[in-house]
Amino acid sequence: MKEVKKITDQSRKRNLKYGSLSLAFLLVVIAIVIILNLFVAKFDQKFDFTNTKVFTLSKETKTIVTDLKDEVTIIVLEKAGSERSTNARIVGEYQEASSNITVQFIDPELNPNLLQEYGDDSNLTFGSIIVENGGKVKTLSPIDFVTLSKDQSKVKEIATESKITSAILSVTAKGEKVIYTTVGHGEEALNEELKQALENENYIIEEINLLTDTAPAAKESVVVINSLKKDISEEEAAKLKEYMSSGGKLLVIDDLYDADRKNYENILKLNGVQIQRSIVFENDMTHRLNSDKYVMIPEFGKHRIVDSLQESNYKAIVAYGQPIEILHVKKDNLLISPLLSSSKDSYSKLPDDIKVKRDINQEADDPIGPFHLGVVISKKEKGEEQPAMVLYSNSFFLNENLIKSSNKANLDMFVNSVNWLQDAKEQIVIRPKDISSSPIVMNNYQQILISIAVIFFIPLLIATPGFLYWYRRQKK
């Protein structure tokens, strides 16, 4: 009997001991969960595991909103309880990045007067976003925030950041920025896609006849000469020289023509460059789009115009490029940098040789690359670099098919060129973000659960077999 009582007492003590340990362990777990909850709630830490950082603002956007001087309000039209939608999460990043940005979530069904204040039912709906500053308003509809696949069946890209940042720039812009396209010499007009891209950057596009119109104001404008077929007159050349000497900027897009364009070419030479009238062909298969040697994927130079494209691994595509020669004899204040270049395995041929021989294959006497296919020109004045000219040696990169084939990298390069010439440092195109992979964004509670799993449950799973083995040994 005494033996039974002794065993019973030992069992009670053992149960009390392990019960106390279990209680202590439970209290520790609860304490850690509470501490983690308080910590996460305080710092509101979020993680963005998407490949293209859909929920993380780009450095370009952060620069823009950090430098904001005006108060900007972003109104998100969402149903109550939808504040964790994709657009709502992205908008929240703007408020965190700048104290001058206020974000409001409003349910239009509960606030019908809002629709009358900012627009009508046709352009404002659930998912719309309104960006406002001092009475200037930009409204964005849900369709603005996505790019669809070719068959229109699914969303390919999220454009929320690019659209909202553009809207912020629009409502905070001071004065008008004008792009003048020259006419009267057989120039190619900008297609609708190019015009729309420039208008999205808040530019006004106007035509200018250098012979009959007065020269534009140098500081607020860029003059675009796109595929000029006939020469400009001496009077027009004089206007362009005066315009550039006053700080005006040129975007020149050239093509191969037989016409004598002496006055036009003198403008290029005054800026330290000339175009060699030949066609570049590419032997390196990694720098070609397909079997056509004249459709090339050039190498980017190091410049703000193409840096964002290069970082995102996008490629430009050009066709029928001509070599651009940087002159040895030029003004000391000119700074010229390559923007696009063919590979060292490229070569060039004269058009007449191609016509006579009917052959584009490389011959022993053909000049070999690399060749510059695009350059940027700055002027150093008072110790500072001032944008002067961007020159491309072919206009085919603005062809709709090549824009599409380049995944719009060609389009972005064109717009970035205008922005650089306007010295709009912050306005380098922010590309929509690909969502081919599913985004994972954790809220506070998800982070806590994952933390508990990593700290406790996973070690517990590992320790359990060992504990069971030990327990069985003790019973024997």
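The values are calculated or read from the model by the stated rules, or taken from the named source; none is laboratory data. The shown structure was predicted, so the numbers you read here are calculated from the model rather than taken from an experiment. Cβ atoms come from the backbone with ideal geometry, glycine included; neighbour counts cover every protein chain shown.
The residue that is nearest to ILE267 (Cα to Cα), among those in region 229-246 that are out of contact with any Phe, Trp or Tyr (no Cβ under 6 Å at 6 or more places or on another chain) and assigned to a loop (DSSP other than H, G, I, E, B), is SER233. The strands (runs of 3 or more DSSP E) falling completely within region 329-445 that include 3 or more residues that are among the charged types (D, E, K, R) and either at pLDDT below 95 or out of contact with any strand residue (DSSP E or B) (no Cβ under 8 Å at 6 or more places or on another chain) (or both) map to 372-381.
Could you tell me whether VAL318 is surrounded by fewer than 21 Cβ atoms within 10 Å (Cβ to Cβ), β-branched (Val, Ile, Thr) and either closer than 16 Å to SER395 by Cα or not assigned by TED's automatic domain parsing to the domain that holds LEU398 (or both)? No: the conditions fail for VAL318.
None of ILE317, ILE368 is farther than 22 Å from TRP420 by Cβ and of a type in the set (A, V, I, L, M, F, W, C) except ILE368.
Can you tell me which of SER141, SER153, SER227 is of a type in the set (S, T, N, Q), without any contact (Cβ under 8 Å) to a residue 24 or more places away in the chain and over 26 Å from GLU93 (Cβ atoms)?
SER153
Scanning region 266-307 for residues that are among the charged types (D, E, K, R) and in a strand (DSSP E or B) gives ARG288, GLU299. Would you confirm, using the coordinates I've provided, whether TYR257 is assigned to a loop (DSSP other than H, G, I, E, B) and in contact (Cβ under 8 Å) with a residue 12 or more places away in the chain? The answer is yes for TYR257.
For region 58-77, the set of residues classified as among the polar types (S, T, N, Q) and within 18 Å of the chain's Cα centre (by Cα) consists of SER58, THR61, THR63, THR66, listed by residue number. GLN310: in contact with a strand residue (DSSP E or B) (Cβ under 6 Å, 6 or more places away or on another chain) and not in a loop (DSSP other than H, G, I, E, B), yes or no? Judged against the criteria, GLN310 is a match.
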